[in-house]
Amino acid sequence: MDIKEKRIIEVVNTLKDDIFDFTSRLVSKASTLGNETEAVCVMEEELRKLSFEPVKIPIDATELSKHPGYAPVEWEYNNKENVVATRKASGHGGRSALFNGHLDVVSAEPSSFWARDPFNPVIFDGWLYGRGAGDMKSGVAAMTYAAYAIEKSGFGLKAPVTIQGVIEEECTGNGALACLNAGYDADAILIPEPWGPTILTNQVGVLWFKVLVQGAASHVQSTSSGANAIEKCFLIISALRGFEDELNKPEGIPKAYSTIPHPLNLNIGVIKGGDWPSTVPASAEFHCRISFFPGVSFDDMRQKIIQTIQKIAEKDTWLHKIPPKIEFYGFRSPGHSISRDIPALQTLNDCHKELTGEDAKEYISTCTTDLRVFHLFGKGQATCYGPIAENIHAANERVNLESIINVAETYALFLSRWCGLIE
Ligand SMILES: [Zn+2]
């Protein structure tokens, strides 16, 4: 590191408490689906305080639904906004950068499983606890302050840097897509997903669907005259588990995923049905998330899921008569695979190595992130590199404090080398 870079790293370290404080304020807003506004406002205020010029980017469903990357949803898009700020270049000749972080979180239920209130963040023993602490509000704070540290150190950049706080990463990706569609893109994109200080090169595709089963209600004294919709769900779920096994057969696994045990997962995330212990339930539904390898299309997977369910339905007298309905909503994201030798990832690795003495490990992801938007529809080279977190999407989520600052340091160094510093 030269003297300027050392100065930037020092400044990042003077901002530690601000980074933790900003993270905590974001975590205190329970930004689950439909409740994202307050967290977006906290970010907007922070950006303004740090002399960025934030603008809100709405998700306009009418407009965005024409985009091939749009994921259809079952909810309304009224006043759903992302927040974006671009700091203009102070010179020319550099390469632009964009930090993208999501402000939405998954539900903290059952909250009784938590040792403390998931939305009242606390810090102890070097960790910050709360829903979204790791996934990914600490990353948002790190990236924001990394960009701020450049200016606070008295430098400018030879190319613009954009900061995005987006919503709906956990269900559709429509937040990030709306920002890209509004023209926010860059030569390099970094997302601080909490997989640790690694460089993501592969991520699977993910889709959501739900299955609606109709049964026939009857009194339990004559259950044979009814058709139990809940038990019919079991039948379909077991067929889908068979499909999942097929997908994970060794001969179909690409090289990048060959060392990961069971890389593709089906999750039955929601099940509903029935309303009385002594009545045979007349309807039931379950909602699923399933992943697929890079190179496979959403349409292909959709077709295979429909065929799997049709096949089992034909074998069952009741389901043959009244076939289940299958609806695809939310995620419909293809996966992607890139080389870690491309320039932006190399620069990121150099920065990591400069600060730690080691190459960053490569990360092969078995879930999806907003990277898809940039890979499929943007111009830049994009990866994830973030803090170390535990129990994300589970009770007692926490993020390691030191790792947040390490991300901010790497990001700040990345900006200075990728965009180019100006005094
Ligand atoms: Zn996340």
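The values are calculated or read from the model by the stated rules, or taken from the named source; none is laboratory data. Just so we're clear, the structure is a prediction, and the values are computed from it rather than from any experiment. Cβ placement follows ideal geometry from the backbone for every residue including glycine, while neighbour counts extend to all protein chains displayed. The protein model used for the area step is the full one, side chains on, heavy atoms only, and it has no ligands, DNA or RNA in it. Shrake-Rupley method; radii C 1.70, N 1.55, O 1.52, S 1.80 Å.
Of all residues in the range 333-382, how many are aliphatic (A, V, I, L, M) and part of a loop (DSSP other than H, G, I, E, B)?
3
Condition check ((1) within 16 Å of the ligand (Cβ to nearest atom); (2) in a strand (DSSP E or B); (3) open to solvent by 10 Å² or more (accessible area, probe 1.4 Å)) across all residues:
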position: G165; (1), (2), (3): yes, yes, no
position: G175; (1), (2), (3): yes, no, no
position: Y184; (1), (2), (3): no, no, yes
position: K210; (1), (2), (3): no, yes, yes
position: V213; (1), (2), (3): no, yes, no
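Here are E151, E109: which of them is surrounded by fewer than 20 Cβ atoms within 10 Å (Cβ to Cβ), assigned by TED's automatic domain parsing to the domain that holds N13, part of a loop (DSSP other than H, G, I, E, B) and away from the ligand (no atom under 15 Å from the Cβ)?
E109
Could you pull out every one of the helices (runs of 4 or more DSSP H) wholly within the range 1-71 that has 1 or more residues that are of a type in the set (D, E, K, R), more than 28 Å from R332 (Cα to Cα) and open to solvent by less than 80 Å² (accessible area, probe 1.4 Å)?
Where helices (runs of 4 or more DSSP H) fall fully within the range 1-71 and carry at least 1 residues being of a type in the set (D, E, K, R), more than 28 Å from R332 (Cα to Cα) and open to solvent by less than 80 Å² (accessible area, probe 1.4 Å), they are 3-14, 16-27, 37-49.
Could you pull out the residue among L190, L128 that is surrounded by 24 or more Cβ atoms within 10 Å (Cβ to Cβ), in a strand (DSSP E or B) and within 15 Å of the ligand (Cβ to nearest atom)?
Residue meeting the stated conditions: L190.
For E74, indicate whether it is open to solvent by 50 Å² or more (accessible area, probe 1.4 Å), free of Cβ contacts under 8 Å to residues at least 60 places away in the same chain and assigned to a loop (DSSP other than H, G, I, E, B).
Answer is no for this residue.
Out of the residues in the range 112-125 that are more than 16 Å from the ligand (Cβ to nearest atom) and under 21 Å from E169 (Cβ atoms), which is surrounded by the fewest Cβ atoms within 10 Å (Cβ to Cβ)?
F119
Looking only at the range 366-397, count every residue that is crowded, with 23+ Cβ neighbours inside 10 Å and among the hydroxyl-bearing types (S, T, Y) and tell me the total.
So the answer is 3.
Only one of (1) within 30 Å of P68 (Cα to Cα); (2) under 15 Å from the mean Cα position of the chain (by Cα) is not met by P387, so which one is it?
(1)
Restricting attention to the range 260-272, report how many residues are part of a loop (DSSP other than H, G, I, E, B), at pLDDT 95 or above and open to solvent by 50 Å² or more (accessible area, probe 1.4 Å).
2
For W195, are the conditions met, namely being within 16 Å of the ligand (Cβ to nearest atom), among the aromatic types (F, W, Y) and in contact with a strand residue (DSSP E or B) (Cβ under 7 Å, 6 or more places away or on another chain)?
yes
Looking at the range 222-259 only, could you name the residues that are open to solvent by 30 Å² or more (accessible area, probe 1.4 Å) and of a type in the set (D, E)?
E231, D245, E246, E251
Looking only at the range 386-404, count how many residues are more than 13 Å from the ligand (Cβ to nearest atom) and in contact with a Pro (Cβ under 8 Å, 6 or more places away or on another chain).
Qualifying residue count, the range 386-404: 5.
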